[in-house]
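These notes are about the structure you will find just below.
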Amino acid sequence: MESKDREFQKAIIRILILMVTGLIVWNLAVSVTNRRIAAIYYERISAIFGAISAQYPDMGHGDWMQYLTATGNEEDGEAFLHQYGILQGDMPILQAQTAQKRFQITGNLVWILICTGILLIFICYQKQRNRKIQELVDYIRKIEHGIYRIEIEENDEGELSRLQNELYKITVMLRESSELAGQQKKALADSVSDISHQLKTPLTSCLVLLDNLSESENMTEETRRRFLSEITGQLTSVSWLVQVLLKLSRLDAGVVELKEEELSVSALIRGAVEKVGLLAEWKQIDIQVMGEEEPFIKGDRHWLEEALVNLIKNAIEHSPEDSEIRIQVEDNQVYTCIHVRDFGSGISYEDQKHIFERFYRSADAGEDSVGIGLALAQEIMKRQNGYLTVESEPGQGTVFYMKFLKCH
């Protein structure tokens, strides 16, 4: 504030110096003009006395001094001049002197008024400018304290308005960054909590089973094998979860370079079905591939196969035993689409809004469900410029659509 006051005082001093300098220059100019008028007046007087001297050469020095210093005869002199039509107001020299004095006084007054007006305008402008600057300073301080409300409403063409506009952009950017950082922080905390929960359950189960194996010396061989099989299953689940999380983290970090090569859709489906063959066979589920055999798409075979495996695995988990899963290919001039249909219990309308969220588990999800496979499939499809959608009716099964546009 003190710095601002000093700047304002300096500006006022400059204006006052300009005012005084202008007055001095103006009066000097008028003084020079007055001297020129006096010189003209002197020349006229000299001409008059020169003419008298020529007419009366016998007049001595004393006579001239007597006439030059004579007083008290003004009325006689004016009467003499009136006889020849010379009036006081008609004398050019006297008129010039009077006009010059009026001009000087008027000029001084006008200059003082102009400078005073400029000074008042400057003071008002400076106060308004200081008010705007203080508003900006207060607004920046609010931003420093994490308050990102946009309060700037003026939008003219001044330099402060341009600064306001830039500050508005920065505020929007900071607010979005703050919101994004908050969302990411919450997502990270939720992810850590979910991962901890997903790892804790199978690991705790493994520890309990291992304790039983080590402490029960009289355990039957059949029970021992069942415990070992359960431990193997739990560790397999943990291993799969860790692998999926690593894949997701690589995608999130942008360290994965997805290829864009021409792929046979039938070969892609065949590779995915082979990877889930044992799981489908264990539940006695028949996987049928229907539709076109010829279409090709562009993408990364490894990652697209990973996405399709997760969709088929999800369908197997939600299908009853002795049922079927249908994989159908649809191809037209606009897109190529892979349908994965199961005939399970379906997905409720509320759950359909969240099934692609990480670690989301529906109310009827199985014990082995983690809620990460569909999120991985969705992320892969986004990175491959594709779309993953779902249609489901409770009690009538579910269809997932992997759609690849031919122009993107």
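Mind sorting GLU75, GLU357 by how few other Cβ atoms lie within 10 Å of their own Cβ, fewest first?
GLU75, GLU357
Taking the simple approach of a point 7 Å from Cα along Cα-to-Cβ for both ASP211 and ARG250, what is their distance in nm?
In this crude label model, ASP211 to ARG250 measures out at 3.7 nm.
Whole angstrom only: what separates the Cα centroid of the range 4-49 from the Cα centroid of the range 295-319?
95 Å
Of the listed peptides 214-220, 242-248, what is their order by residue-averaged count of other C-beta atoms within 10 Å, with the highest listed first?
Top of the packing list down: 242-248, 214-220.
Based on other C-beta atoms within 10 Å, arrange GLU230, GLU321 from fewest to most.
GLU321, GLU230
Starting from the 7 Å offset along Cα-to-Cβ, what nm value, one decimal, do you get for the label separation of PHE49 and GLU357?
Between PHE49 and GLU357, the simple spin-label model gives 11.3 nm.
Every number here is computed from the coordinates shown, using simple stated rules; none is lab data. Remember, predicted model here, so these are calculated numbers, not experimental data. Neighbour counts run over all protein chains shown; Cβ positions are idealised from the backbone, glycine included.
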